[in-house]
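Report on the following structure.
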Amino acid sequence: MLDELHRNPAPPVTRARPPQITDAIDSLGAASGVANVIMQLSWPEVGWGVRESRVDTGNVYKRPFKRARTTFQYLAVATLGTDEDKRLYREAVDRVHRLVHSTPESRVRYSAMDPKLQMWVAACLYIGFEDVFEWLHGPMDDSDREDFYASAQTLGTTLQVRPEQWPATRAEFDGYWREGLDRIRFDEPVRRHLIGLSELRMLPQPANALFGRINKWVTSGFLHREFRDAIGLPWSPRDQRRFETFLAVTAWLNSMLPESIRTISYRLLILDLRWRLRTGRSLV
């Protein structure tokens, strides 16, 4: 959840119904996307798996727009898709992940089909959705947080995570998360890869020059302290105050928009999925 590094403590918001993972489907949440990727790749096996991947069609530096589409489409399918959508997307992801594995020359051993590594990726996705929800819709109390968590299992099971792997309660997830934080490590090649993402080096000019610096700052703000410290991104009290202002202003602006506008990117990605299935195009 968003801790004191992300926003000032505030009382939970009274809600008409318990929140669900689908309530965190806000297009503005994409602003925290690079931070979440850094979190996912903080385990060496995941970081090196992406850094060394020989699947060029999924390389963010070679195909940045396709990589962005497949990443956010996965989230759309996992949260809004039908059971059949999830099955088909999981099969498509599996076909790619089978090609991502370590070689005898690799610094660490890994396989993208390893359910334990996929559980960590899914856990980071969950934390990202929880952060986005509290950023845009206000803090949850413990009961709301439990309901929100209970609706989120498909973030993992649409990957290779088995249902029994997903911690049964939010409290059990906290224990898993704390243990996972002990495994954070960014080897230098992986660190350079991720810093480049934060600076938007994968984008052509002038986008890189115009938005790289601000994106790196926003990414630093969304990173939980453990990840930010591990990857070596500076953050000052002044940065924190400015980031809290950014959160407050963007949340207010987001609240002024109708739901149809706030969720449009995810709904378009579901429509794109339907088109790809109908025309026989590749999903990933």
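Share of the stretch 77-133's accessible area from carbon and sulfur, percent, 1.4 Å? Walk me through the numbers before you get to the answer.
Working: 1340 of 2470 Å².
Carbon plus sulfur share of accessible area: 54 percent.
If the chain between E146 and L268 were fully stretched, how many nm would it gain, using 0.36 nm times the residue separation less the Cα-Cα distance? Don't jump to the answer; show the numbers that get you there.
Numbers: separation 122, 0.36 × 122 = 43.92 nm, distance 2.92 nm.
Gain on extension, E146 to L268, equals 41.0 nm.
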ask   = Length gain on complete extension for the stretch L210 to D187, per 0.36 nm per residue less the alpha carbon to alpha carbon distance?
value = 5.4 nm
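Could you work out the mean projected area of the convex hull around the alpha carbons of the stretch 150-284, in square nanometres to one decimal?
Values: hull surface 48.8 nm².
For the stretch 150-284, averaging the hull's shadow over all directions gives 12.2 nm².
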query = Which of G128, Q40, T70 sits closest to the plus end of the dipole of the stretch 32-164, meaning its Cα is farthest towards the positive end, when Lys and Arg get +1 and Asp and Glu get -1 on the C-beta?
reply = T70
Helix-only CD estimate at 222 nm, as mean residue ellipticity for the chain, using -39500 (n - 2.57) per DSSP H run (n ≥ 4) = -18500 deg cm²/dmol
inquiry  = Among W252, H224, S265, whose Cα projects farthest towards the positive end of the dipole of the stretch 219-284, with charges put on the beta-carbon of Lys, Arg (+1) and Asp, Glu (-1)?
reply    = S265
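What helices does the chain hold that run 24 Å or longer along their axis, going by alpha-carbon atoms, with a Kyte-Doolittle average of -0.5 or more, using DSSP H for the helix calls?
Working: long enough: 115-137 (32 Å, 0.51); 237-255 (27 Å, -0.59).
Qualifying helices: 115-137.
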key: Cα radius of gyration and Dmax for the stretch 74-168 (Å)   = 15.2, 48
inquiry  = Once the convex hull of the alpha carbons of the chain is built, what does its volume come to per residue, in cubic angstrom?
reply    = 137 Å³
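Size of the dipole of the chain about the Cα centre, Lys and Arg at +1 and Asp and Glu at -1 on the beta carbon, nothing else charged, in debye to 20?
On the way: 40 positive and 36 negative charges, 282 e Å.
Dipole about the Cα centre, nearest 20: 1360 debye.
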key: For the stretch 143-284: accessible area per residue (Å², 1.4 Å)   = 54 Å²
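The values are calculated or read from the model by the stated rules, or taken from the named source; none is laboratory data. Everything numeric in this text was worked out from a predicted model, so none of it was measured. As a convention, Cβ positions derive from the backbone with ideal geometry for all residues, glycine included, and neighbour counts pool all protein chains shown. All accessible areas refer to the heavy atoms of the entire protein, side chains included, with ligands and DNA or RNA removed. Shrake-Rupley method; radii C 1.70, N 1.55, O 1.52, S 1.80 Å.
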